[in-house]
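The values are calculated or read from the model by the stated rules, or taken from the named source; none is laboratory data. Only a predicted model underlies this, so the values are computations on that prediction, with no experimental measurement involved. Reconstructed Cβ throughout: ideal geometry from the backbone, glycine too, with neighbour counts over all protein chains shown. Note: areas computed on protein heavy atoms with side chains; ligands, DNA, RNA excluded. Shrake-Rupley method; radii C 1.70, N 1.55, O 1.52, S 1.80 Å.
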2 protein chains.
Amino acid sequence: MKIISEAKSHGGCQGVYSTTSEACGGDMTFAVFRPIVAKEQLCPVVWFLSGLTCTHANVMDKGEYRRMAAELGLIIVCPDTSPRGDHVPDEPDNWQFGKGAGFYLDATQAPWSRHYRMETHILDELPALVAAHFAADMGRQGVMGHSMGGHGALTFALKHPDRFKSCSAFAPIVQPSTADWSRPALEKYLGADESGWRRHDATLLIEDGARFPEFLVDQGTADGFLDAGLRPWLLEEACQKADIGLTLRMQEGYDHSYHFISTFMDDHLAWHAERLG
Amino acid sequence: MKIISEAKSHGGCQGVYSTTSEACGGDMTFAVFRPIVAKEQLCPVVWFLSGLTCTHANVMDKGEYRRMAAELGLIIVCPDTSPRGDHVPDEPDNWQFGKGAGFYLDATQAPWSRHYRMETHILDELPALVAAHFAADMGRQGVMGHSMGGHGALTFALKHPDRFKSCSAFAPIVQPSTADWSRPALEKYLGADESGWRRHDATLLIEDGARFPEFLVDQGTADGFLDAGLRPWLLEEACQKADIGLTLRMQEGYDHSYHFISTFMDDHLAWHAERLG
């Protein structure tokens with residue numbers, strides 16, 4: 001693990017690091033905030049998975065998580081959203097596929113399968129690094145995310161309820177297998193056989209029996225992607241049928257931006273801290 | 001005034017606007033946050049003046065002022081740091097002069113004097129716009145800033161103690177007329193006669209009799225510009241001699257970045273709110 005930068009913030013430390021990823025076939029960057037209390041004790045870890053076009057930096061710059069994470073004693077880890085580098089195949093004019101749009105899965109189709117393996121990177125590689133280099137209590141992990149990253153958070157939690165003790169999302173893509181902006185990506189990464197898509201779709205995972213105790217979801221009513229891309233009511237239906245707890249808050253007048261995320265970040269971190277002990 | 005963007009944030013609204021500036025001879029962009037309470041009553045206004053290389057966007061993205069400004073009912077205005085546009089003369093390879101480095105003065109020397117008139121832009125043009133378009137109580141204004149913008153805040157407050165009721169700074173350039181990174185700019189903007197520089201130097205303004213009730217200054221001890229560029233002890237000496245109140249807090253381990261600013265932003269906003277009533 002290489003240190004790219006570290007700066008004192010809210011008594012703790014906001015760092016940016018890189019690692020050579022076997023899964024992604026190249027260097028990957030990620031951000032970690034550790035609170036001051038991590039000098040004395042192991043702290044719970046909350047993962048923040050970002051949305052389309054983002055790197056680790058967007059939420060680090062605009063998410064406003066540090067004050068509350070410092071207060072609650074949480075380590076916050078912010079991975080990138082795709083493999084990076086000139087050697088990585090891409091569709092440069094398509095913001096919904098390729099770089100910045102890894103969709104938190106391991107691609108199975110060439111040429112994407114060589115590098116686009118964000119699920120392994122985030123679920124295997126980064127936890128090993130975080131456990132080795134920070135005062136992280138890996139028995140107390142939560143996961144949250146925004147938009148495409150909300151999809152990542154929900155599906156990771158549903159697939160690994162033993163690992164993640166808490167899950168929340170801002171404006172998540174709850175059913176990527178049917179949304180216009182994600183269907184083409186799933187097809188290119190995973191192939192035309194839609195049965196392979198089901199484990200990367202929160203609503204279909206629930207339909208197939210995956211369970212998680214409860215979710216917190218915030219969704220802005222002025223979000224331009226609400227009706228075509230996000231559709232939180234599909235998650236609501238799935239959770240109701242499966243008896244999964246869902247706190248869905250429709251936030252009047254908020255859009256899809258970090259102004260929305262930062263407004264409700266404190267609530268989400270408190271939600272995680274309460275469940276992570 | 002043209003609306004570039006508006007987004008709901010912390011119950012209020014973060015906007016970005018532009019105006020055709022007579023002083024700067026072109027379009028100028030600025031950001032305004034208005035708290036929800038501004039729908040019902042006039043609110044005090046706090047100006048945030050940014051540092052070298054910044055636009056209005058840096059503090060808007062990374063300053064983390066909205067949560068507390070919403071709570072305290074403050075309007076926050078964030079101007080740009082220089083004139084902009086292809087028609088504006090510049091030294092593109094020099095980050096300490098020209099675009100992004102207006103130093104909050106009106107240049108007197110050609111070719112800079114045509115556009116580099118940030119003092120008039122911020123003290124005359126923008127207040128008229130803010131008063132006309134927002135629920136701003138212009139009788140209750142405070143000013144704060146970072147680095148070059150700390151210099152701007154201190155000098156504006158000292159020159160206009162009737163207008164500004166509160167002033168604070170993060171890592172301000174307290175004596176730009178002798179600091180390596182600002183002397184060349186003052187010479188190019190104002191000419192070789194240093195007597196004309198005195199009204200753009202907080203310590204020399206105080207020496208010449210300018211007064212302000214009290215300042216709050218935070219300065220990181222790990223700030224790489226501390227010894228050569230910032231030197232808060234010079235302000236401390238000047239304030240002591242002139243019997244001006246100064247709360248100077250040396251913040252252990254903090255650098256010059258927005259990680260430092262955002263950590264102490266709440267304190268500064270509370271300082272202003274207390275004095276603005």
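The test for being within 10 Å of chain A (Cβ to nearest Cβ), basic (Lys, Arg) and more than 23 Å from B:His259 (Cβ to Cβ) holds for B:Lys8. Total residues in region B:255-272 satisfying the condition of being assigned to a helix (DSSP H, G or I), more than 9 Å from chain A (Cβ to nearest Cβ) and open to solvent by 10 Å² or more (accessible area, probe 1.4 Å): the figure is 4. Among residues of region A:56-71 that are at the interface with chain B (Cβ under 10 Å from one of its Cβ atoms), those with a beta-carbon under 7 Å from a residue that is in a loop (DSSP other than H, G, I, E, B) at least six positions away or on a different chain give the pairs A:Asn58/A:Ser50; A:Glu64/B:Glu64; A:Arg66/A:His10; A:Arg67/A:His10; A:Ala70/A:His10; A:Ala70/A:Gly11; A:Ala70/A:Pro35.
The residues of region A:93-110 that are of a type outside the set (S, T, N, Q), part of a loop (DSSP other than H, G, I, E, B) and crowded, with 18+ Cβ neighbours inside 10 Å, listed by number, are A:Phe97, A:Lys99, A:Gly100, A:Gly102, A:Phe103, A:Tyr104, A:Leu105, A:Ala107.
Scoring B:Ala222 on the criteria (1) over 18 Å from the mean Cα position of the chain (by Cα); (2) more than 25 Å from B:Gly142 (Cβ to Cβ); (3) more than 14 Å from chain A (Cβ to nearest Cβ); (4) assigned to a loop (DSSP other than H, G, I, E, B) leaves a single failure, condition (3). Would you confirm whether any residue within region B:35-53 is at the interface with chain A (Cβ under 10 Å from one of its Cβ atoms) and either of a type outside the set (Ser, Thr, Tyr) or free of Cβ contacts under 8 Å to residues at least 40 places away in the same chain (or both)? Within region B:35-53 (the criterion being at the interface with chain A (Cβ under 10 Å from one of its Cβ atoms) and either of a type outside the set (Ser, Thr, Tyr) or free of Cβ contacts under 8 Å to residues at least 40 places away in the same chain (or both)), the answer is no, since none of the residues qualifies. Being within 18 Å of the chain's Cα centre (by Cα) and either among the small types (Gly, Ala, Ser) or within 14 Å of chain A (Cβ to nearest Cβ) (or both), is that true of even one residue in region B:239-249? No.
Screening the candidates A:Ala179, A:Ala169, A:Ala238 for the property of being assigned to a loop (DSSP other than H, G, I, E, B), on the phi < 0 side of the Ramachandran plot and aliphatic (A, V, I, L, M) yields one hit, A:Ala179.
Restricting the first member to region A:230-244 and to residues that are under 17 Å from A:Gly149 (Cα atoms), and the second to residues that are of a type in the set (Ser, Thr, Tyr) and surrounded by fewer than 20 Cβ atoms within 10 Å (Cβ to Cβ), no beta-carbon pair is closer than 6 Å while six or more apart or on different chains. Strands (runs of 3 or more DSSP E) fully within region A:1-65 that include at least 2 residues being surrounded by fewer than 23 Cβ atoms within 10 Å (Cβ to Cβ): A:2-9, A:12-21, A:26-34.
Quick one: is A:Arg275 more than 14 Å from every other protein chain (Cβ to nearest Cβ), modelled with pLDDT of 95 or more and not in a loop (DSSP other than H, G, I, E, B)? Criteria met by A:Arg275.
Identify all residues within region B:183-195 that are of a type in the set (A, V, I, L, M, F, W, C) and open to solvent by less than 10 Å² (accessible area, probe 1.4 Å); write none if there are none. Correct list: B:Ala185, B:Leu186. Just one of the listed residues (B:Arg198, B:Arg249, B:Arg211) is part of a strand (DSSP E or B), open to solvent by 60 Å² or more (accessible area, probe 1.4 Å) and at pLDDT 95 or above, namely B:Arg249. Here B:Asp86, B:Asp90 are screened, and the one residue that is surrounded by fewer than 21 Cβ atoms within 10 Å (Cβ to Cβ) and closer than 15 Å to B:Met28 by Cβ is B:Asp86.
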